[in-house]
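Single-structure report; data block below.
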Amino acid sequence: MTPADTDNIAEDTRSTQFGFTDVSAEEKTRLVYSVFEKVAGRYDLMNDLMTVGLHRAWKQAMVDRLAPPRNDRPWHLIDVAGGTGDIAFRALDRAGDNAKVTVCDINDHMLEVGRTRAKDQGYHDRTEFICGDAETLPFPDRHFDAYSIALGIRNVTRMQNALKDAYRVLKPGGRFVVLEMSHMVTPELQKIYDFLSFNAVPPIGKAVTGDAAPYQYLIESTRLFPKADAFKSMIEAAGFENVQYQSLSGGIVALHWGWRI
């Protein structure tokens, strides 16, 4: 499968890809778990190094789009695949006192990092950290006011299932926001970005964490993610309305959003 094939991506219940490698769906889930088990302790540090700090601006744009209420209105965000708490804490910094965040991640190593940070940084009374699969979230229907997933949905085995479950757990009027790696706005920029990322990120990962393999996967997975228009169609197919997106940093990432009406 080439990056061009992802324009019309079709999910198979039996096989999928772990980076550029064809694997079974079950094997991908296990391999992705292993990746984040290895990098959990230095995940946010590596985001700083891999993006030269740009991920901070991207996440701020995501929180702006979530628009947490600054008044005392109750507001409950679910942040999926956000185990270290980075998005959760940013959202709470913007929100009123009655806001809370449920962080749901399939990897308990990432969640443990988040729990420790929440306690150390004073967020523990407004956050909860739950182990769960994005495809089958352990929450009732129409439960949350907003849903976020940052740099995580490309790691889900069946993305369309995750999008449908996001729709299920949101209240009517709930806001859905995704930040994910994307494709550069011109082929020339894409070639430069690919060269730099494939040649720089795995060695940096090895220097910082002692293992290059997780970062080789993370770079490969970005190249296979659907282009912004194709992913917009996937979000609409899950039931969301008024879906829009914005490319950031020349297309390195895209911010998608929509509503459950």
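Some observations on this one:
- Taking amide H as placed 1.01 Å from N in the peptide plane, GLY82 has its amide H under 5 Å from the amide H of CYS104, each at least 5 places away in sequence or on another chain.
- Computed [θ] at 222 nm, helices only, for the chain once each DSSP H run of length n ≥ 4 contributes -39500 (n - 2.57): -14000 deg cm²/dmol
- Based on Cα contacts under 8 Å between residues 6+ apart, segment 154-261 shows a relative contact order of 41 percent.
- Estimated at 0.36 nm per residue, the fully extended path between LEU54 and GLU241 surpasses their Cα-Cα distance by 64.4 nm.
- For ALA99, residues with placed amide H under 5 Å, excluding near neighbours: TRP75
- For the pair ALA230 and ARG42 in one chain, pulling the backbone fully straight at 0.36 nm per residue adds 64.5 nm over the alpha carbon distance.
- Hypothetical label at GLU26: residues of segment 138-177 whose amide nitrogen lies under 18 Å (7 Å Cα-Cβ projection): 157-158
- Local electrostatic count, GLY239, Cβ distance below 10 Å [Lys/Arg +1, Asp/Glu -1]: +1
- Sites TRP259 and ARG94, calculated FRET efficiency, Cβ-Cβ separation with R0 30 Å, nearest 0.05: 0.95
- Residues with amide H under 5 Å from that of PHE144, placed H, sequence gap 5 or more: LEU170, LYS171
- Phi-derived couplings, Karplus 6.51 cos²θ - 1.76 cosθ + 1.60 at θ = phi - 60°, listed residue by residue for segment 73-82: 5, x, 8, 10, 9, 9, 10, 9, 6, x Hz, with x used for Gly and Pro.
- Nitroxide proxy distance, nm - points 7 Å out along Cα→Cβ at ALA212 and THR186: 3.1 nm
- For the chain, the share of DSSP beta bridges that are antiparallel, to the nearest 5, is 45%.
- Sorted fewest first by neighbouring Cβ atoms within 10 angstrom, VAL23, VAL169, VAL178 come out as VAL23, VAL169, VAL178.
- Above-threshold pairs, the threshold being 24 Å between Cα atoms, out of LYS28/LYS164; LYS59/LYS227; LYS164/LYS227; LYS119/LYS206: LYS119/LYS206
- Counted residue by residue at 0.36 nm each, then reduced by the alpha carbon distance between them, the extension gain from ARG70 to ILE130 reaches 19.1 nm.
- When LEU196, LEU77, LEU248 are sorted by how many other C-beta atoms sit within 10 angstrom of their C-beta, beginning with the fewest, the order is LEU196, LEU248, LEU77.
- Packing-based exposure ordering (other Cβ within 10 Å, fewest first) of MET62, MET234: MET234, MET62
- Under the membrane-span-like helix rule (DSSP H runs whose alpha carbons stretch at least 24 Å along the helix axis, mean Kyte-Doolittle hydropathy 0.0 or higher), the chain yields 187-209.
- R0 of 22 Å, Cβ-Cβ distance PHE198-ALA61: FRET efficiency to nearest 0.05: 0.25
Bear in mind that the values in this text are calculations on the coordinates, not laboratory data. Since the model is a prediction, treat every value here as computed from it, not as a measurement. Backbone-built Cβ (ideal geometry, glycine too); neighbour counts: all protein chains shown.
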